[in-house]
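Just below is one structure, and these are the notes that go with it.
The values are calculated or read from the model by the stated rules, or taken from the named source; none is laboratory data. Bear in mind the structure is a predicted one, so any value in this text is a computation, not a measurement. Neighbour counts are summed over all protein chains in view; Cβ atoms, including those assigned to glycine, are modelled from backbone coordinates with ideal geometry.
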Amino acid sequence: FELQDTATDNSFFSNGFYTGIYCRYSSSYAINKFYFDDFYCGPIQVDTIPPSFVSLSVIDSLHLDLNFSEGISLSTAQDTLNYIVNNGIGKPSSITRDAMDYKIIHLTFSTPFVTGTTYTIIASNLKDFSDNIILNPVTEQFIWYRAVPFDVQINEIMANPTPIIGLPDAEYIELYNRSVYDINLTNWTLTIGTSTNVFPSVKIPANNYLIICTQANQALLQPYGNTVGIISSTTALVDAGKSIILKNNEAQLISYIEYSDTWYRSTNKDNGGWSLEQIDPMNPCGEYANWTASSDPKGGTPGKINSVYHSNPDNINPELFRAILTLPDTLLLTFSETLFGNDTLNVTDFSVNHAIGNPVSAIFTDITKKKIKLIFNQTFIKDTIYEVTVLGQLKDCAGNIITTLNKAQFAIPDSIDTNSFIINEVLFNPYTGGTDYIELYNNTSKIYDLRDAKLFIVGDVDTLSYSITTDGFYLFPDNYVVLSTDPNKIYPFYSYPGKKVFLKMDKMPSYNSADGRVTVVNKSLQIVDDLSYTESMQFKLLNSFQGVSLERIHPDQITQDAKNWHSAAESAGFGTPGYKNSQYAQFETFDGEITIEPEVFSPDNDGFNDLLNIRYKFDEPGYVANVTIFDARGRKIKSLISNEMLAVEGYFTWDGLNDYNHKASIGMYVVFVEVFNLNGKTKHFKKTCVLGSKL
């Protein structure tokens with residue numbers, strides 16, 4: 001600046017133009033008490049520029065906001081005659097000029113906009129504070145669109161950005177708007193686990209993306225696309241998995257996933273640095289089947305189309321998995337997948353036989369819409385097997401309709417005691433990327449609810465128990481159930497009859513690949529069945545035991561008998577989760593004291609006659625046995641049993657191996673059995689068999 005003149009009091013006069021500020025200082029106003037803004041010095045300015053329209057915001061189905069270049073006078077801003085909307089909407093019912101920003105006008109209508117419809121608003125006769133009238137009436141088109149579930153989707157998750165592959169060290173979630181409309185996310189919520197985050201005023205354009213992160217990381221991710229920093233913690237996401245819920249400003253569920261580290265499908269990528277990407281946005285409820293690790297060299301694709309994107313449609317109809325009584329008059333139905341195609345349920349869509357009929361109430365019980373609670377006006381009785389039928393056209397997220405007459409049986413279960421059901425198959429050394437499983441089989445005529453059973457660990461000091469299920473699972477006679485922490489890690493490796501035989505446990509014991517113990521107890525911790533296994537129970541000629549389950553041979557023979565277990569057949573894929581064991585055998589009745597079956601066996605682990613069974617039955621106890629195998633030339637091949645105390649009835653098995661654990665040659669063999677007791681009674685038996693092989 002340039003000094004023009006000085007003055008010490010208000011008596012100074014000058015022919016020049018100047019301006020100044022008089023400040024009276026005191027002890028209380030000595031420091032930092034006077035503030036000044038911009039100054040103008042010159043002729044009086046007159047506003048002759050009319051206001052102009054800047055933007056329109058659709059708030060919801062009844063509210064619009066208009067934004068202008070300058071403040072609008074109150075009288076013209078709030079005159080309802082100055083606004084009109086076509087397509088039957090008409091004038092606003094009320095108008096409010098914003099109390100803080102006079103450039104914004106809030107319009108409220110009594111007739112709601114129809115979602116997806118294009119409207120035109122005309123605003124005229126609006127003036128600024130200098131009475132400048134807007135030159136031309138504002139004519140602006142707008143669309144109000146009510147987002148429906150899966151219009152906006154959780155599309156990518158970077159749960160652990162370290163080690164860094166090529167993206168910033170920042171967690172993020174990517175949303176994708178698959179609709180053809182821009183969608184306003186203002187006051188929407190994103191809940192990660194138990195932490196809820198609220199969106200500010202932000203839009204996600206049609207067919208576009210929004211990256212969500214912490215405020216501190218927003219600048220790091222902004223170069224990759226539209227970004228908003230609302231996540232409250234830098235460690236909100238975890239590798240192992242969490243639930244993520246997206247709701248609109250009316251608390252309606254728009255998108256939901258509960259991811260886990262198995263979704264990566266890669267042990268090289270599930271430890272960090274790589275994002276999880278959705279494969280096909282048209283299959284939003286695909287869960288594990290529709291997610292995988294990013295294949296982009298940077299480790300992820302924030303703000304752009306996913307690297308793994310391809311068509312991956314859901315063509316599978318939803319299925320009723322099971323029905324469980326939770327109260328004497330209440331039934332819980334569990335389905336194979338989310339039923340998001342149905343906002344409401346009709347009681348006539350469900351019916352129970354034995355003259356029970358339709359429920360009086362039908363509601364979803366969980367956010368995933370996989371469970372439906374039915375309440376009836378009468379109670380169910382014991383010793384009756386009921387059947388519930390789904391009659392209505394329930395739909396999944398992709399619009400697939402549940403197949404006609406989907407049914408599930410249920411009953412009031414029996415109490416679980418010792419030997420109520422058996423351990424039938426164990427996988428304790430899974431493939432890489434796989435997981436352990438335990439198969440149970442009900443070889444009785446009763447019905448059991450696995451809510452009343454647990455897997456148990458007997459320790460030297462402490463004991464641990466793991467609930468098999470909290471929702472319930474009825475194990476009917478001659479039925480199987482496969483227990484694991486993640487059935488998705490079993491499906492790729494083995495054949496199975498259907499997913500309804502699998503029961504996912506939150507936690508289960510870790511079974512050692514060399515030896516261990518599987519114990520099932522009831523709610524009183526009484527042992528139901530118990531197996532101590534070792535790797536030596538596997539077929540010794542296998543090159544590797546990894547991925548090979550151990551199968552029970554005879555359901556009715558005792559569990560803790562190594563002879564009653566064998567490796568699953570190679571022809572069955574080394575495992576038979578959920579259906580009859582490949583090594584299953586049932587003894588035939590026989591007369592006499594010693595018999596062998598089958599007469600021809602082929603120990604090649606193909607699931608057909610892999611073992612020779614040497615059965616015995618005596619009329620008195622106390623015998624001791626020696627069993628020796630000779631070839632057709634009389635040479636000793638195998639000392640099978642030496643001085644073993646016998647029961648009255650039992651069996652031995654020969655797996656076709658000689659004393660050196662080499663497979664015996666094809667041919668005829670003699671099984672020599674010698675038994676004796678302390679009274680000097682001795683018996684000798686010779687039985688022949690044939691060891692065969694496929695040509």
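For region 382-405, the criterion of being more than 22 Å from Asn317 (Cβ to Cβ) and touching a Leu at 6+ places or on another chain (Cβ under 9 Å) is met by at least one residue.
With respect to the numbered conditions (1) assigned to a loop (DSSP other than H, G, I, E, B); (2) closer than 25 Å to Lys369 by Cα; (3) in contact (Cβ under 8 Å) with a residue 12 or more places away in the chain, which one is the sole condition not fulfilled by Thr444? Result: Thr444 passes all but (2).
Meeting the requirement of 1 or more residues that are small (Gly, Ala, Ser), the strands (runs of 3 or more DSSP E) wholly within region 220-284 are 227-231, 243-247, 253-258. Number of residues in region 570-586 that are hydrophobic (A, V, I, L, M, F, W, C) and touching a His at 6+ places or on another chain (Cβ under 7 Å) equals 1. The residue that is farthest from Leu185 (Cα to Cα), among those in region 96-139 that are surrounded by 15 or more Cβ atoms within 10 Å (Cβ to Cβ) and acidic (Asp, Glu), is Asp128.
The strands (runs of 3 or more DSSP E) found entirely in region 322-379 that carry 2 or more residues being on the phi < 0 side of the Ramachandran plot and surrounded by fewer than 20 Cβ atoms within 10 Å (Cβ to Cβ) are 330-335, 361-364, 371-375. Screening region 98-156 for residues that are aromatic (Phe, Trp, Tyr) and part of a strand (DSSP E or B) and picking the one that is farthest from Asp60 (Cα to Cα) gives Tyr119. Looking only at region 69-85, decide whether some residue is within 46 Å of the chain's Cα centre (by Cα), at pLDDT 95 or above and of a type in the set (Asp, Glu). Looking for residues that are within 46 Å of the chain's Cα centre (by Cα), at pLDDT 95 or above and of a type in the set (Asp, Glu), one finds none in region 69-85, hence no. Kindly evaluate Tyr119 against the criterion of being in contact with a Gly (Cβ under 8 Å, 6 or more places away or on another chain) and of a type in the set (Ser, Thr, Tyr). When the stated conditions are applied, Tyr119 does not pass them. Considering the conditions (1) hydroxyl-bearing (Ser, Thr, Tyr); (2) assigned to a strand (DSSP E or B); (3) modelled with pLDDT under 95; (4) touching an Asp or Glu at 6+ places or on another chain (Cβ under 8 Å), Thr519 is excluded by exactly one of them, (3).
Does at least one position in region 608-621 carry a residue that is assigned by TED's automatic domain parsing to the domain that holds Lys683, modelled with pLDDT under 90 and crowded, with 21+ Cβ neighbours inside 10 Å? Looking for residues that are assigned by TED's automatic domain parsing to the domain that holds Lys683, modelled with pLDDT under 90 and crowded, with 21+ Cβ neighbours inside 10 Å, one finds none in region 608-621, hence no.
The rows are residues; the columns are (1) closer than 26 Å to Glu287 by Cα; (2) in contact with a Cys (Cβ under 9 Å, 6 or more places away or on another chain); (3) surrounded by fewer than 20 Cβ atoms within 10 Å (Cβ to Cβ).
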position: Asp383; (1), (2), (3): no, no, yes
position: Cys397; (1), (2), (3): yes, yes, no
position: Thr404; (1), (2), (3): yes, no, yes
position: Ile438; (1), (2), (3): yes, no, no
position: Ser445; (1), (2), (3): no, no, yes
position: Ile468; (1), (2), (3): yes, no, no
position: Thr485; (1), (2), (3): yes, no, yes
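A single entry from Lys683, Lys687 fulfils the requirement of being of a type in the set (Lys, Arg), closer than 27 Å to Ala569 by Cβ, over 54 Å from the mean Cα position of the chain (by Cα) and part of a strand (DSSP E or B): Lys687. The number of residues in region 551-600 that are in a strand (DSSP E or B) and either closer than 30 Å to Lys504 by Cβ or touching a Cys at 6+ places or on another chain (Cβ under 8 Å) (or both) comes to 7.
Scanning region 638-656 for residues that are surrounded by fewer than 17 Cβ atoms within 10 Å (Cβ to Cβ) and either out of contact with any Lys or Arg (no Cβ under 8 Å at 6 or more places or on another chain) or at pLDDT 95 or above (or both) gives Ser639, Ser642, Asn643, Glu644, Met645, Ala647. Within region 284-299, the set of residues being at pLDDT below 95 and buried (at least 17 other Cβ atoms within 10 Å of the Cβ) comprises Pro284, Cys285, Gly286, Glu287, Ala289. For region 491-506, a residue qualifies if it is under 15 Å from the mean Cα position of the chain (by Cα) and of a type outside the set (Phe, Trp, Tyr), and the qualifying residues are Lys499, Leu503, Lys504, Met505, Asp506.
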